[in-house]
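A.B. asks: Take a look at this one; I'll ask things after.
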Amino acid sequence: MSINSWPALDGMAYGGDYNPEQWSREVWDEDVALMREAGVNLVSVGIFSWAMLEPKEGLYDFSWMDELLDLLHANGIAVDLGTPSVSPPAWFFHAYPESRVITKDGTVMGFGSRGMASHASTEYREAIARMATELARHYADHPAVVMWHVHNEYGVPVGEDFGPRSVANWRLWLQGRYSTLEALNEAWGTAFWGQRYGDWEHVVAPAATPTIANPAMKLDWARFTDDQLRECFRIERDAIRQHSDKPVTTNFMAHQSWNTDLWKWAQEVDVVSDDHYLWAPDPDGHVGLALSADLTRSVGGNDPWILMEHSSSAVNWQGRNVAKRPGEERRNALTHVGRGADGILFFQWRASRSGAEKFHSAMLPHAGKDSRVFREVVQLGQHLKDIAEVRGSRVVADVAVLYDWESLWAHDLEWRPSDDMQFRERMRAYYERLWRDDVTVDFAHPEADLSGYRLVVAPSSYLLTAAAGENLCAYVAGGGTLLVGAFSGIVDEHDAVHAGGFGAPLKDALGLTVEEFLPLREGETCDVVFDGAAMTADAWAEDIALAGAEVRGTFAGGPGDALPAITRHQHGQGAGWYVGARLTHETLAPVFAQVYADAGIVPAGGPEGLETITRHGADHDFVIAVNHREDAVSLSITGTELLSGAQIDGTLDLKGGDAAVVRIARAQQGGGA
Ligand code: GAL
């Protein structure tokens, strides 16, 4: 069967999660009328509906959903049909109590919330296969259904399970990976602390232990958990496939995902979709949003993707749930579009009166349709119609940022040289520098073909396989520019330190290894002198063993006083830069300026906070410009501004907080993979 790779919809997708089982039938009529007013053309239904669809084991009741789907279809609203496997009903846990998740410290997770049953439970796996089959059989040919939405955010709120069946699967998984116990003992370095295993039955999960558990074991446990979740996804997807050729997705969480290696997950879905919520303590949350959107596009091989969930205003699950201010949601949505989204959906359509998420914003808030939020929702729906021609166009980048979930898992284990060196924090600092310079990036796996990029940035590649090291060295030798952040190239896939000194896999490219780490105390700072100017750094210094690299910056003060901090190395046709300090996005600016020059990259040079991204279409290009500043800015551009229809002849003036989408003449495409 040939599978459709995009839901059958005209233009951009627009809508949200729709959970009408919370409401009486009259409300449904009002909902669809208001959806039409807002320009909604796609809603996700059924994600949490298991208890309504199978009120008793084996007794399926699709009557209410039949009525709902017919109503939506009659109103021109398509359906992204959820499978409800994320929230099994009370009867399920009552009948199969051993399907409950057991946490690391032995707590059995009870019912009364939401969250997946144990991924290892045979009864759970059978039940989700049956449900997916019944749904697919019943709705495969329903004209409203254009896409399948399996599960919800794999890995949260729980991904790991330490119950006996999971541990049994873990042993089988390890046997598949290592074949022999000797190989496992070697990979995990069990000779240390007397952990040697003599029998597979003795291998346990990294549950509660007196002090830290073996890090290689924990890294494999993360891989195992990810694999098990993906197995559960495949059970449902394959059940749907028996009856339907419509595309299947599951909603990722990009930079916020922990348990899922999205490079692998993206291979399993027909359409990549992602959820993103602003993190209120971060006043520049829109930078994290852009990172998340670029990462989502990249895992999907740069194909268009769908923003499956975001919020019209505040969420309700953070400590202080900051509301979006007028125009902010519009900027957020258009940034997602700029970075490749061809669909903008929310959680959720109508605000809940009851339950855990009643203080979460919605497209239709508690205040009703006569509200700022709903007016902005209607405006956004119109915008997406106005820019329908953007759909299918592509983002092309000259810069790749390396991102590897395995490295994240390994990096964030315990007992590292400094708690201050964190994967996500480093990723954000480097990304933010690029964002502030308005340089569009892709993300890439360290073993991917990087030859199409002028610049590759590795902010935090603690775990780097020998193959990845060779890949990066060959990339530089072939003429690429590589910029590597501190604490990179340290361990292999078993979290074992590479032979030959810290950073040995990158020695040829960078012309150095690191002899010793010199972390700073909490709150302590030192200077890094670069290009004659001193900048403050914190957290980290190190003793670099030069092997050909030229020193460009030096530590001043602190434990690394007078030692090299920033280096450049000519290797073959290219250059390898290294930053052995923890610099912020501000202090990284002069370093990046020189790296760009090496790589032949010329940043747009607009005012900081004006975000511009180009999508390349078949006949035209589209520039999405988002002004995050409070003051007005001007942009040199000629074309048609699609949100207003205005012709722009040379200069676009954008008020503070405003955004625009300009169709311009087709430009020559740059590099990029
Ligand atoms: C998501 C989840 C939704 C809703 C939303 C609230 O993580 O998928 O069901 O809970 O958060 O922000």
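A.B. asks: Compute the relative contact order of segment 610-672 as a whole-number percentage, counting only Cα pairs closer than 8 Å that sit 6 or more residues apart in sequence.
C.D. replies: With pairs under 8 Å counted, the relative contact order is 37 percent.
A.B. asks: Something else now. Assuming a ≥ b ≥ c are the square roots of the Cα gyration tensor eigenvalues, decide whether the chain counts as rounded (a/c under 1.5), prolate (otherwise, with a/b larger than b/c) or oblate.
C.D. replies: The shape class here is oblate.
A.B. asks: In debye, nearest 20, what is the charge dipole magnitude of segment 399-599 about its Cα centre with +1 on Lys and Arg Cβ and -1 on Asp and Glu Cβ, if you could check?
C.D. replies: 520
A.B. asks: Carbon and sulfur: what percent of segment 454-573's accessible surface (1.4 Å probe)?
C.D. replies: 46
A.B. asks: Roughly how many debye, to the nearest 20, is the charge dipole of the chain about its Cα centre, given +1 on each Lys and Arg Cβ, -1 on each Asp and Glu Cβ, and no other charges?
C.D. replies: Approximately 640 debye in magnitude.
A.B. asks: Just to confirm a number: summing +1 for Lys and Arg and -1 for Asp and Glu over residues other than Asp420 whose beta-carbon lies under 9 angstrom from that of Asp420, what do you get?
C.D. replies: Once all neighbours under 9 Å are counted, the net charge is -3.
A.B. asks: Within segment 156-189, name every residue whose backbone N is under 18 Å away from a label modeled 7 Å from Cα of Asp105 along the Cβ vector.
C.D. replies: What the label zone holds, given the 18 Å backbone N cut-off, is 158-163.
A.B. asks: Output the relative contact order of the chain, whole-number percent, from Cα pairs under 8 angstrom with separation of 6+ residues.
C.D. replies: 11
A.B. asks: Of the listed peptides 150-157, 591-598, what is their order by residue-averaged count of other C-beta atoms within 10 Å, with the highest listed first?
C.D. replies: Per-residue Cβ counts within 10 Å, averaged per peptide and sorted highest first, yield 150-157, 591-598.
A.B. asks: For segment 305-356, what does the relative contact order come out to in percent, with C-alpha contacts under 8 Å and a separation of six or more?
C.D. replies: 50
A.B. asks: Quick one: Cα centre-to-centre distance for segment 407-423 and segment 72-118, in angstrom?
C.D. replies: The distance from the Cα centre of segment 407-423 to that of segment 72-118 comes to 32 Å.
A.B. asks: State whether segment 551-673 is rounded, prolate or oblate according to the following rule on the C-alpha gyration tensor (a ≥ b ≥ c being the square roots of its eigenvalues): a/c under 1.5 gives rounded; otherwise a/b larger than b/c gives prolate, and the remaining case gives oblate.
C.D. replies: oblate
A.B. asks: Give me Rg over Rh for segment 204-284, both radii from the alpha carbons and Rh done the Kirkwood way, two decimal places.
C.D. replies: Ratio of gyration radius to Kirkwood radius for segment 204-284: 1.09.
A.B. asks: Once every DSSP H run of n ≥ 4 in the chain is given -39500 (n - 2.57) and the sum is divided by its residues, what mean residue ellipticity at 222 nm do you get, rounded to the nearest 500 deg cm²/dmol?
C.D. replies: One gets -9000 deg cm²/dmol as the mean residue ellipticity at 222 nm.
A.B. asks: I've got another one for you. Be a star and scan segment 279-319 for residues whose amide nitrogen sits under 15 Å from the point 7 Å along the Cα-to-Cβ vector of Ala367.
C.D. replies: Answer for this model: 312-315.
A.B. asks: Moving on to the next point. Say each of Gln175 and Met52 gets a label point 7 Å from the Cα, pointing the same way as Cα to Cβ; how far apart are those two points in nm?
C.D. replies: The modelled label-to-label distance comes out at 4.4 nm.
A.B. asks: Then there's this: Between rounded, prolate and oblate, where does segment 399-599 land on the alpha carbon gyration tensor, with a ≥ b ≥ c its root eigenvalues, rounded for a/c under 1.5, else prolate if a/b exceeds b/c?
C.D. replies: Rounded is the answer for segment 399-599, as its axis ratio a/c remains below 1.5.
A.B. asks: Could you state the accessible area per residue of segment 610-672 in Å², with a 1.4 Å probe and every protein chain left in place?
C.D. replies: 46
A.B. asks: Further, regarding this structure: Could you let me know the centre-to-centre spacing of segment 500-531 and segment 243-296, using Cα atoms, in angstrom?
C.D. replies: Here the two parts' Cα centres lie 32 Å apart.
A.B. asks: Compute the length gained on full extension between Arg36 and Gln382: take 0.36 nm times their separation in residues and subtract their Cα-Cα distance, giving the result in nm to one decimal.
C.D. replies: Here the answer is 123.5 nm.
A.B. asks: Work out the FRET efficiency for Arg666 and Thr640 from their Cβ-Cβ distance, taking R0 = 22 Å, and round it to the nearest 0.05.
C.D. replies: E between Arg666 and Thr640, to the nearest 0.05, is 0.95.
A.B. asks: Based on the mean of other beta carbon atoms within 10 Å per residue, what is the order of 319-332, 620-633, most packed first?
C.D. replies: The peptides rank, most packed first, as 620-633, 319-332.
A.B. asks: For segment 242-266, list residues with backbone N below 15 Å from a point placed 7 Å from the Cα of Gln422 toward its Cβ?
C.D. replies: Hits in segment 242-266 for Gln422 at 15 Å: 255-258.
A.B. asks: Follow-up. How far apart, in nm, are two points set 7 Å out from the Cα along the Cα-to-Cβ line at Ala562 and at Glu67?
C.D. replies: Spacing of the two 7 Å Cα→Cβ label points: 8.3 nm.
A.B. asks: Let me confirm the definition first: pairs of Lys residues in the chain, 8 or more apart or on different chains, C-alpha distance under 29 Å. How many are there?
C.D. replies: 17
A.B. asks: Taking 0.36 nm per intervening residue step and subtracting the Cα-Cα distance, what contour gain separates Asn185 from Ala496 on full extension?
C.D. replies: Gain on extension, Asn185 to Ala496, equals 110.7 nm.
A.B. asks: Right, next: Would you mind computing, in nm to one decimal, how far apart the modelled labels at Ala533 and His94 are, each placed 7 Å from Cα along Cα→Cβ?
C.D. replies: In this crude label model, Ala533 to His94 measures out at 6.8 nm.
A.B. asks: Quote to one decimal, in nm, the extra length available between Ala140 and Ala208 on full extension: 0.36 nm per residue of separation minus the C-alpha distance between them.
C.D. replies: The span from Ala140 to Ala208 would gain 20.0 nm if fully extended.
A.B. asks: Another question, then. Quick one: work out Rg over Rh on the C-alpha atoms of segment 610-672, Rh as Kirkwood radius.
C.D. replies: Radius of gyration relative to Kirkwood radius: 0.98.
A.B. asks: I've got another one for you. Determine, for each peptide in 39-51, 353-365, the mean count of other beta carbons within 10 angstrom over its residues, then list the peptides with the highest first.
C.D. replies: Per-residue Cβ counts within 10 Å, averaged per peptide and sorted highest first, yield 39-51, 353-365.
A.B. asks: Also, quick follow-up: Can you figure out the FRET efficiency of Ala545 with Gln22, using R₀ = 56 Å and their beta-carbon distance, to the nearest 0.05?
C.D. replies: Given R0 = 56 Å and the Cβ-Cβ separation, E is 0.35.
A.B. asks: To the nearest 0.05, what FRET efficiency results for Ala168 and Glu608 with a Förster distance of 51 Å applied to their C-beta separation?
C.D. replies: Plugging the Cβ-Cβ distance into 1/(1 + (r/R0)^6) gives 0.40.
The values are calculated or read from the model by the stated rules, or taken from the named source; none is laboratory data. Please read all numbers here as calculations on a predicted model, not as lab measurements. When we count neighbours, we look across all protein chains shown, and the Cβ atoms used for this are built from the backbone with ideal geometry, even at glycine. All accessible areas refer to the heavy atoms of the entire protein, side chains included, with ligands and DNA or RNA removed. Shrake-Rupley method; radii C 1.70, N 1.55, O 1.52, S 1.80 Å.
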